[in-house]
Structure formats: structure tokens, C-alpha cells
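Comments concern the structure below.
The values are calculated or read from the model by the stated rules, or taken from the named source; none is laboratory data. As the structure is a prediction and not an experimental result, all values here were calculated from the model. In this analysis, Cβ positions are derived from the backbone assuming ideal geometry, glycine residues included, and neighbour counts consider all displayed protein chains. Surface accessibility is based on the protein's heavy atoms, side chains included, excluding ligands, DNA and RNA. Shrake-Rupley method; radii C 1.70, N 1.55, O 1.52, S 1.80 Å.
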Amino acid sequence: MAWSLADRAVRRSAAAARRPAAGRRCCARVEAVYATHRATVLVTEKLGDAGLDRLRLTCNVETAYGLTQEELCAKVSLVDALIVRSGTKRVTRAVFEASHGRLKVVGRAGVGVDNVDLAAATEAGCLVVNAPTANTVAAAEHGIALLCAMARNIPQADASMKAGSWDRSAYVGTSLAGKTIAVYGFGKVGSEVSRRARGLGLTVVAYDPYASAEKAAAQGVQLVTFDEALQVADFHTLHMPLTPGTKGLFNDSAFARMKRGARIINVARGGVIDEAALLRALESKQVAQAALDVFLEEPPSFENHPLVHRPDVICTPHLGASTTEAQEGVALEVVEAVVDALAGNLSVNAVNAPMVPAEILRELQPYIVLAEGLGRAAVGLGGKGGFGDIAITYSSPRGDDLDTRLLRAMVIKGVLEETTTSKVNLVNADLLARNRGLRITEVSIRAGGDGTSEVLTSMSVALGTADSKFSAAVDSGNTYGRWAEAPWSKAGVGGQHDAEVASSLPFPSGMCVGLAGPGEGGRPRDGRGGEGQTTPFMTVSRTAKDGEAIMAIGIDSEPSPATLEEITRVKGVIEVTIFKEVAPPQR
């Protein structure tokens with residue numbers, strides 16, 4: 001059965017979003033952990049004091065540094081959240097399995113999450129958050145520092161002086177002004193490096209298949225292909241994540257396509273450079289110098305590593321985020337993300353949940369709880385048979401530009417929580433839907449308006465089942481919902497023209513009754529629903545002129561089977577179905 005939100009209901013919800021936050025529910029619920037008890041958080045590496053102090057305000061905090069994998073697995077079943085840095089080598093599937101479902105959040109103090117098994121976390125319904133912004137400037141500054149130090153041989157000259165030598169001619173450098181630098185990865189750090197590089201007189205090109213050409217052009221940067229970047233640049237600075245697609249990206253072939261005598265800086269991830277290939281390029285002078293803050297294995301083997309002791313390679317021990325300000329900022333950012341997630345809020349720093357920018361979260365806030373409720377209600381109205389399709393329709397002034405990822409996930413969450421014993425939350429909703437073979441179809445319809453005051457004008461959810469005549473009404477294409485006067489916390493069931501059936505959200509239980517056409521209905525009874533119940537509301541709508549009708553009745557508790565049987569025997573009643581907790585339960 002399609003349930004719809006529309007017109008005035010949406011306007012009121014948008015107004016509610018602009019009111020102060022007090023008294024309103026948070027934007028998206030994952031699962032509130034410390035609503036009933038004080039959460040326990042395990043911190044496995046040193047974190048800034050400001051972050052630990054903030055964490056202790058709401059959580060029990062245990063610090064345990066240098067844990068082995070076995071020790072971490074032994075502790076994880078006793079905690080609700082885990083905060084790690086890059087020194088914790090792997091938060092593996094074994095860790096999530098050892099938690100026995102208690103671990104709700106993993107916080108990575110920093111940007112990269114390659115030491116966390118995201119697939120295992122998602123399957124376990126565990127949210128992974130990071131701290132992607134606090135160390136952005138620090139990482140960019142370190143990249144520029146390595147660039148300048150490499151170009152002017154500063155570390156080598158310093159070491160020579162400390163050894164008692166005054167050898168000026170041995171450390172003649174190269175100028176930056178007028179040269180070209182290629183930035184690989186035009187995200188937060190890459191764009192900050194670009195700004196600073198242009199200030200040094202460098203021409204900046206960037207390679208990033210996911211970056212916006214308009215954003216780059218606004219900073220005076222030209223987006224180019226990978227091959228073009230290799231061929232035109234004098235300096236190459238790496239700021240990309242380590243993924244299957246970027247692992248070993250800078251190999252023999254890449255170095256061969258660079259200008260002879262090129263210089264390379266890496267403050268991203270060690271794995272994006274094939275270290276053996278870089279050694280060969282340095283030995284052949286194809287690459288003149290390298291400055292490395294990251295390595296494939298950290299720390300590297302100081303005795304046997306082929307790059308660490310070379311005079312044409314500057315090495316630093318992963319210092320990209322190592323400023324006092326960045327460390328405190330990262331600690332606070334990851335702690336806030338973890339605390340938010342434990343409270344049931346979807347953090348904008350979520351890594352394995354729908355990645356929705358903060359401004360989109362604010363816009364969608366009035367509709368998120370409703371989306372989950374629509375999923376629950378659709379299951380309740382769909383009968384006892386199975387279904388394989390979920391159709392979601394959005395009507396918005398933005399049309400196809402509407403970001404529906406979060407709303408889709410909440411609908412799936414609502415549907416699956418009514419049909420599975422699996423632990424379902426916003427993190428694993430999409431994955432569980434795929435695993436159950438559900439086909440999700442989304443349609444966005446452009447509505448009137450400019451999209452600034454109203455994000456969404458209507459939303460409907462339909463399940464592909466023929467078990468119930470309620471759901472069959474959707475398949476006929478003749479029903480839709482429309483609001484006249486209704487707060488945003490209500491949903492419409494079917495409807496033709498100006499007719500409507502409204503059911504309040506939330507309410508303890510609801511009952512929908514299918515009625516025969518004109519002249520066939522039974523004599524109405526009084527307003528008591530049997531067993532001493534009253535009916536908080538009752539609305540009726542026809543599916544078509546002179547056609548069958550749908551009646552939605554609010555009830556305070558679920559009727560007994562005997563009462564339902566009595567209702568079905570009333571003349572004109574075709575079908576009765578019960579649905580409960582249309583809105584998600586308060587946590």
C-alpha cells in the first residue's frame with residue numbers, strides 16, 4: 001500500500017526544522033546506546049586530553065595502548081565503542097565477531113580507515129566514523145614543508161652542518177616559482193595544498209576522477225587526466241586514499257611517463273607507491289628526489305628498507321597530522337562523532353553509512369523519522385505474504401537533484417525491522433536488503449517550487465505483494481495520498497482526488513479496513529472499537545468513484561483475534577489488517 005506525505009504536511013515539517021532543536025528528535029537514529037546505561041568506550045591509542053575529557057562527560061572510558069589482536073578481541077565484548085588511530089593495525093572481522101553485537105561504533109582518529117574492516121563492520125551493524133577535517137591544514141602544511149625542504153635540500157644541509165661541514169656547493173636546490181606541480185587527490189587536503197602551492201608561484205594541475213571541474217577552476221586549478229599529470233609536472237604530491245584502485249598506482253610505468261628528474265611527495269598512504277619501483281626510478285635518476293611521510297609498512301624496517309637511508313629521499317615518521325592544534329582537533333572531532341553515534345544520531349563523519357553532507361542532513365531532518373515509519377506501515381498494510389520489491393517515489397522541486405540516500409536507507413530500515421530478526425540499523429540496511437534479494441526502485445518527480453523552501457512535497461512507499469487488496473490498490477495506479485490539514489507526523493493511505501485517509505504518527509496501534517462499494521456497507525456502529533477501546537480517530541477514503549473504500553482507525557491497543565474476526569463478519573468489510581508502531585519506538 002502506498003503511504004504519502006504531501007503539501008501542507010511538508011511545509012509544516014520544514015517549519016519545524018527551522019525551530020530550535022529543543023524538543024525535536026535528532027536527525028537520524030542508529031541505535032541509542034546510553035539512553036538506558038552509560039556507554040563504555042575503549043581507547044587503544046593516545047588521544048588528546050580535550051577529547052578524553054569530553055568523552056568522560058557521558059561515557060565510561062578505558063585506555064589500553066599497544067593491545068595485540070587477541071587482547072583487543074578479549075576486551076571488545078565489554079565495550080560499546082572503540083577509538084583507534086593508525087597504530088592499531090587491524091580492526092578485523094574477528095574483532096566484530098568477538099564483540100557479540102555489543103560494539104556499536106568504531107571511531108578512527110584521523111582520515112584513513114584502511115585499518116578497519118568496513119565490510120565486517122557493516123555486516124555487524126557497527127557504525128564507523130572518522131575525523132576528516134581537523135587535521136586537514138596540518139597535513140597540507142606538512143606536504144608544503146616537505147616540498148620546500150626537498151627542493152632546497154634542507155635536511156641534508158642541516159645534517160652536513162651538524163657533522164662539522166660547510167659545503168654550500170653540494171646542496172644547490174631548485175626553484176619552485178614557474179614550475180608545475182601535480183596534485184593527486186583534490187579533496188580537502190589536496191585543495192589546501194593547491195592554494196598554498198599557487199602562493200609559492202607554482203602552476204597547479206590536479207588529477208581526481210571524482211572532483212568537480214568547477215571547484216578546481218574556482219581555485220585556479222586545472223583538472224587533467226592521470227597521464228597528463230604525470231607528463232607535465234615537475235613536482236608530484238600525493239593526497240589520495242588507499243583503495244584497490246590506488247594501491248601501487250605509482251609503479252614503473254607511472255614513473256617512466258614522468259619528466260626525467262621529477263620529484264615526488266607522499267603524505268597520503270604508503271601503499272599508493274610501489275616502493276621497489278620508486279627505488280629503481282631513483283637509481284636511474286628518472287626521479288631526482290622523493291619526500292615520504294608514509295610507508296607501506298609502518299614503522300619501516302630501518303636496517304633493510306631500501307629508501308630510508310638514501311640521501312635523495314627525505315623521510316618523516318607519519319607526521320602529517322602531528323601538530324598540537326591538529327591533535328586536539330582530531331581528538332575532539334572523533335569523540336563528538338562517537339558520542340553522537342552512541343546517542344543514536346547519524347554523524348556526518350560516518351564512513352559506512354549513507355554519506356550525507358551536514359547541510360543535507362539539516363534539510364532532510366523533518367522527513368527522516370517519517371521515512372522509517374512509512375516503511376513500517378507499508379509492511380503492516382501489505383498482508384502476510386512475501387514481497388520482493390520496494391518502490392519509493394519522491395516528489396520534490398529538485399527532481400533528480402534530490403539526495404535520497406538517507407531517506408532510502410530509513411525506508412529500508414523500517415521495512416526490514418518488521419520482517420527480519422536480523423539487527424537492522426542505518427548502517428547495514430542497504431546490505432541486508434541486497435542479501436534478502438529485495439529490489440529497490442526509486443523515482444523522483446519534479447514538483448513545483450524552487451527547492452529552497454520545500455525540499456520534499458510528497459513521498460510514497462509501496463511493496464510488491466499481491467497478498468493484500470491494500471497493496472493491490474497501488475498496483476492499479478489509481479491511488480495516491482493528499483493532505484488537507486495534517487501535522488507532518490501523519491501519513492496518508494491511498495486517496496482519490498480530494499479524499500484522504502490519515503493515520504496519526506505515532507500511535508500505539510492502527511487498523512485499516514477495506515470496505516465494499518456504495519450500497520454494500522454495513523450499518524456503522526458506535527465509536528468504541530470493542531473490548532472497551534475508543535478510537536482516537538477514524539478517516540475514510542475511496543480508491544475510485546463508486547469504488548471500494550479504505551478506513552483507517554486509530555486504536556489504543558491491539559484487538560484480540562476474536563474481535564478481529566467479529567469485524568470481518570460485518571457486512572461490507574472485505575479485509576482487515578493491523579499495523580503497530582508506525583513511527584520508530586522512542587529510544
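Checking the structure you have, find out if any residue of the stretch 157-175 is in contact with a Gly (Cβ under 7 Å, 6 or more places away or on another chain), hydrophobic (A, V, I, L, M, F, W, C) and in a helix (DSSP H, G or I). Step through it out loud before you land on a result.
The initial filter retains those residues of the stretch 157-175 that are in contact with a Gly (Cβ under 7 Å, 6 or more places away or on another chain), namely none.
No, the stretch 157-175 contains no residue that is in contact with a Gly (Cβ under 7 Å, 6 or more places away or on another chain), hydrophobic (A, V, I, L, M, F, W, C) and in a helix (DSSP H, G or I).
Which pairs do you get when a residue that is open to solvent by 10 Å² or more (accessible area, probe 1.4 Å), found in the stretch 182-195, comes within reach of a residue that is among the β-branched types (Val, Ile, Thr), reach meaning Cβ atoms under 7 angstrom, with the pair 6+ apart or on two chains?
188/133; 188/136; 189/136; 192/136; 192/137
So that you can scan it fast, the table gives a plain yes or no per residue for (1) aliphatic (A, V, I, L, M); (2) assigned to a helix (DSSP H, G or I); (3) under 26 Å from residue 260 (Cβ atoms):
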{"residue": "133", "(1), (2), (3)": "no, no, no"}
{"residue": "146", "(1), (2), (3)": "yes, yes, yes"}
{"residue": "183", "(1), (2), (3)": "yes, no, yes"}
{"residue": "189", "(1), (2), (3)": "yes, yes, no"}
{"residue": "196", "(1), (2), (3)": "no, yes, no"}
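Within the stretch 333-351, is there a residue that is among the polar types (S, T, N, Q) and farther than 26 Å from residue 118 by Cα? Steps first, answer last, please.
Our first condition is that a residue be among the polar types (S, T, N, Q); within the stretch 333-351, this holds for 345, 347, 349.
Remaining after also requiring farther than 26 Å from residue 118 by Cα: none.
No.
When you check residue 254 against the structure, is it assigned to a helix (DSSP H, G or I), surrounded by 23 or more Cβ atoms within 10 Å (Cβ to Cβ) and more than 25 Å from the chain's Cα centre (by Cα), yes or no?
No; evaluated as a whole, the condition is false for this residue.
If you scan the stretch 68-89, which residues turn out to be of a type in the set (D, E, K, R), free of Cβ contacts under 8 Å to residues at least 40 places away in the same chain and touching a strand residue (DSSP E or B) at 6+ places or on another chain (Cβ under 8 Å)?
The one that is of a type in the set (D, E, K, R), free of Cβ contacts under 8 Å to residues at least 40 places away in the same chain and touching a strand residue (DSSP E or B) at 6+ places or on another chain (Cβ under 8 Å): 75.
If you go through the stretch 120-144, how many residues are among the small types (Gly, Ala, Ser) and surrounded by fewer than 20 Cβ atoms within 10 Å (Cβ to Cβ)?
So the count comes out to 1.
Can you name the number of the only condition in (1) in a helix (DSSP H, G or I); (2) at pLDDT 95 or above; (3) not polar (S, T, N, Q) that residue 121 fails?
Evaluating residue 121 over (1) in a helix (DSSP H, G or I); (2) at pLDDT 95 or above; (3) not polar (S, T, N, Q) leaves (2) as the failure.
Select from the stretch 356-402 the residues that are under 19 Å from residue 439 (Cα atoms), part of a strand (DSSP E or B) and in contact with a Gly (Cβ under 8 Å, 6 or more places away or on another chain) and write down the one among them that is modelled with the lowest pLDDT.
389
Being surrounded by 23 or more Cβ atoms within 10 Å (Cβ to Cβ) and either in contact with a helix residue (DSSP H, G or I) (Cβ under 9 Å, 6 or more places away or on another chain) or at pLDDT 95 or above (or both), is that true of even one residue in the stretch 304-321? Working first, answer last.
First, pick out the residues of the stretch 304-321 that are surrounded by 23 or more Cβ atoms within 10 Å (Cβ to Cβ): 320-321.
Among the residues that remain, those that are also either in contact with a helix residue (DSSP H, G or I) (Cβ under 9 Å, 6 or more places away or on another chain) or at pLDDT 95 or above (or both) are: 320-321.
Yes, the conditions are met somewhere in the stretch 304-321.
Does residue 274 fit the bill of being closer than 16 Å to residue 146 by Cα and either among the charged types (D, E, K, R) or surrounded by fewer than 16 Cβ atoms within 10 Å (Cβ to Cβ) (or both)?
Details: closer than 16 Å to residue 146 by Cα: no; either among the charged types (D, E, K, R) or surrounded by fewer than 16 Cβ atoms within 10 Å (Cβ to Cβ) (or both): yes.
No: the conditions fail for residue 274.
Residues are listed down the side, and each one gets a yes or a no for (1) out of contact with any Phe, Trp or Tyr (no Cβ under 8 Å at 6 or more places or on another chain); (2) at pLDDT 95 or above:
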{"residue": "168", "(1), (2)": "yes, no"}
{"residue": "184", "(1), (2)": "no, yes"}
{"residue": "189", "(1), (2)": "yes, no"}
{"residue": "192", "(1), (2)": "yes, yes"}
{"residue": "195", "(1), (2)": "yes, yes"}
{"residue": "200", "(1), (2)": "yes, yes"}
{"residue": "211", "(1), (2)": "no, no"}
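Can you find a residue in the stretch 111-118 that is without any contact (Cβ under 8 Å) to a residue 40 or more places away in the chain and surrounded by fewer than 16 Cβ atoms within 10 Å (Cβ to Cβ)?
No, that holds for no residue.
Collect the residues in the stretch 73-95 that are under 25 Å from residue 296 (Cα atoms) and either part of a loop (DSSP other than H, G, I, E, B) or open to solvent by less than 20 Å² (accessible area, probe 1.4 Å) (or both), keeping them in residue-number order.
Once the filter is applied, which keeps residues that are under 25 Å from residue 296 (Cα atoms) and either part of a loop (DSSP other than H, G, I, E, B) or open to solvent by less than 20 Å² (accessible area, probe 1.4 Å) (or both), the stretch 73-95 yields 82, 83, 84, 85, 86, 87, 88, 89, 90, 91, 92, 95.
Six or more apart or on different chains, Cβ under 6 Å: which pairs go from a residue in the stretch 203-217 that's open to solvent by less than 30 Å² (accessible area, probe 1.4 Å) to one that's in a helix (DSSP H, G or I)? Could you list them?
204/194; 204/197; 204/198; 205/229; 206/216
Only one of these is outside any strand (DSSP E or B) and more than 30 Å from residue 410 (Cβ to Cβ): 341, 276, 288, 337. Name it.
The match here is 276.
Kindly indicate whether residue 234 is in contact with a strand residue (DSSP E or B) (Cβ under 6 Å, 6 or more places away or on another chain), at pLDDT 95 or above and open to solvent by 10 Å² or more (accessible area, probe 1.4 Å).
Criteria met by residue 234.
Is it fair to say residue 111 is in contact with a strand residue (DSSP E or B) (Cβ under 9 Å, 6 or more places away or on another chain) and closer than 25 Å to residue 322 by Cβ?
It is true that residue 111 is in contact with a strand residue (DSSP E or B) (Cβ under 9 Å, 6 or more places away or on another chain) and closer than 25 Å to residue 322 by Cβ.
Hey, any hits in the stretch 431-448 for a residue that's among the small types (Gly, Ala, Ser), touching a Ser or Thr at 6+ places or on another chain (Cβ under 9 Å) and at pLDDT below 80?
Yes, because at least one residue in the stretch 431-448 is among the small types (Gly, Ala, Ser), touching a Ser or Thr at 6+ places or on another chain (Cβ under 9 Å) and at pLDDT below 80.
Would you confirm, using the coordinates I've provided, whether residue 107 is crowded, with 24+ Cβ neighbours inside 10 Å and touching a residue at least 60 places away in the same chain (Cβ under 8 Å)?
In short, yes.
From the set of residues in the stretch 285-297 that are out of contact with any helix residue (DSSP H, G or I) (no Cβ under 7 Å at 6 or more places or on another chain) and either at pLDDT below 95 or farther than 18 Å from residue 248 by Cβ (or both), which is least open to solvent (accessible area, probe 1.4 Å)?
288
May I ask you to list pairs of residues, at least six apart or on different chains, whose Cβ atoms are under 7 Å apart, with the first in the stretch 334-355 being within 17 Å of residue 124 (Cβ to Cβ) and at pLDDT 95 or above and the second being among the small types (Gly, Ala, Ser) and open to solvent by 30 Å² or more (accessible area, probe 1.4 Å)?
No pair meets every condition.
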